[in-house]
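Only one structure is covered here, and it is reproduced in the block below.
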């Protein structure tokens, strides 16, 4: 009888261990699948971009993933997120989710905040409002917050600017940012790029021509508006305007009138427009305007700092409308060139 009882207990113990091993195996298999098996289903797409706003919770992340139909199994994702402490470590940003990612790879990506960078290009812009519109489309910062920052002299003073000359801070180029960049972070990055450009050598060159860094940017923006592409002619134009400043002559630059009026489609400035009352109209003010009339790039800035020395004080666009200019030392010679240009515009019916 004792032997039968012993055999019975042995069977129970063996059965228990078999069940335990089986349960462990099943649990291990479930855990393995939950961790390492693909759980991202993107259909025919190779990747999917998602945006996690600043301040998002884990519930918000789940909603974003669900709205984009990314998770094949939501439960397994939640289970692993709990195990890896992601629920309390949500990071905002723009993320590229790859097809067939496992929960482990996806959570590691999100938890580490490995974002997809975005690019912002400032080329071709004239006004701060144009810049605000472009930046607001690319980063999380709200356009209204950007607008307030660009018009807040107390805020801008931290960087040495005001709302009239803040354009000098932004050097046209293509920059990489993270989508969740804040207004403060955006300005800090631009200030860093500005300081990189303004080396001690360039600062000394500005002092030599008796211009502040902002004034160099202002003059460079005018030079760039007169000649966008030819760097050698930019140096000639810079030298001409510096001659005028030194002599106390008005700069009389058409692009400053166009900027003051705000009509950048204007191809021919009229005599009436030359009288437009604005601190940016260099036909009526002495010296430089209160700030740049655009975002001067580094080539234009360098053209001012390395201007061509000559005796020219007049310039006029060539009649072939190539964008190149005639330069003159006398009003009489300038009038000859100006008539050629006016006749060319009349011939093409450009008003």
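No lab work stands behind these numbers, since they all come straight from the coordinates. Predicted model, so just to flag it, every value in this text is computed and none were measured. Every residue, glycine as well, gets a Cβ built from its backbone with ideal geometry; the counts of neighbours run over all protein chains shown.
What's the angle, to the nearest 10 degrees (0 to 90), between helix 231-247's Cα axis and the longest principal axis of the chain?
Once rounded, one gets 50 degrees.
What spacing in nm lies between the two simple spin-label points modelled at residue 152 and residue 108, each 7 Å away from Cα in the Cβ direction?
Label at residue 152, label at residue 108, 4.0 nm between them.
What does the extension gain come out to for residue 62 and residue 98, with contour length at 0.36 nm per residue minus their alpha carbon separation? Could you put the intermediate results ahead of the total?
On the way: separation 36, 0.36 × 36 = 12.96 nm, distance 1.68 nm.
Contour length minus the Cα-Cα distance gives 11.3 nm.
Mind checking the angle between helix 2-36 and the chain's longest principal axis? C-alpha axes, 0 to 90 degrees, to the nearest 10.
That helix lies at roughly 10 degrees to the long axis.
Please work out how much length the chain gains when fully extended from residue 333 to residue 228, using 0.36 nm per residue of separation minus the C-alpha to C-alpha distance, in nm with one decimal.
Values: separation 105, 0.36 × 105 = 37.80 nm, distance 2.46 nm.
Taking residue 333 through residue 228 to full extension adds about 35.3 nm, to one decimal.
Please give, to one decimal in nm, the separation of the simple spin-label points placed at residue 129 and residue 299, each 7 Å out from Cα toward the Cβ.
Roughly 2.9 nm, to one decimal.
Which three extents, in whole angstrom, do the alpha-carbon atoms of the range 170-292 cover along their principal axes, largest first?
So the extents along the principal axes, rounded to whole Å, are 48, 34, 26.
Return the FRET efficiency for the residue pair residue 343, residue 174: r is the Cβ-Cβ distance, R0 is 35 Å, and the value is rounded to the nearest 0.05.
On the way: r = 41 Å, r/R0 = 1.17.
With R0 = 35 Å, the Cβ-Cβ based efficiency is 0.30.
Of the listed values (1) 20.8; (2) 21.8; (3) 25.2, identify the label whose number matches Kirkwood radius over Cα pairs in Å calculated from this model.
The listed entry that was calculated here is (3).
Roughly how large, in nm² to one decimal, is the mean projection of the convex hull of the alpha-carbon atoms in the range 88-216? Write out the running numbers ahead of the final one.
On the way: hull surface 41.5 nm².
For the range 88-216, averaging the hull's shadow over all directions gives 10.4 nm².
Just to confirm my numbers, what's the Cα centroid distance between the range 212-264 and the range 111-185 in Å?
25
What does the helix-only formula give at 222 nm for the chain: each DSSP H stretch with n ≥ 4 adding -39500 (n - 2.57), the total divided by the residues, and the result rounded to the nearest 500 deg cm²/dmol? Write down the numbers at each step before the final one.
On the way: 14 runs with 174 residues, N = 351.
One gets -15500 deg cm²/dmol as the mean residue ellipticity at 222 nm.
Angle between the Cα long axis of helix 213-226 and the longest principal axis of the chain, 0 to 90 degrees, nearest 10?
Once rounded, the angle reads 80 degrees.
Does the range 199-252 classify as rounded, prolate or oblate by the C-alpha gyration tensor (a ≥ b ≥ c root eigenvalues; a/c under 1.5 gives rounded; else a/b over b/c gives prolate, otherwise oblate)? Could you put the intermediate results ahead of the total?
On the way: a/c = 1.85, a/b = 1.17, b/c = 1.58.
Note, shape of the range 199-252 comes out oblate.
Based only on Cα atoms, what Rg/Rh ratio does the range 209-351 have, Rh being taken as Kirkwood's radius? Intermediate values should be presented prior to the final figure.
Working: Rg = 14.3 Å, Rh = 15.3 Å.
We get a ratio of 0.93 for the range 209-351.
How far apart, in nanometres, would the label points at residue 286 and residue 145 be if each is projected 7 angstrom from Cα along the Cα-to-Cβ direction?
In this crude label model, residue 286 to residue 145 measures out at 4.5 nm.
How much length is gained if the chain between residue 310 and residue 267 is pulled fully straight, taking 0.36 nm per residue apart and subtracting their Cα-Cα distance, in nm to one decimal?
Numbers: separation 43, 0.36 × 43 = 15.48 nm, distance 2.85 nm.
Full extension from residue 310 to residue 267 adds 12.6 nm.
Computed FRET efficiency, Cβ-Cβ of residue 37 and residue 136, R0 51 Å: what is it to the nearest 0.05? Could the numbers behind the result be given before it?
Numbers: r = 40 Å, r/R0 = 0.79.
With a Förster radius of 51 Å, E is 0.80.
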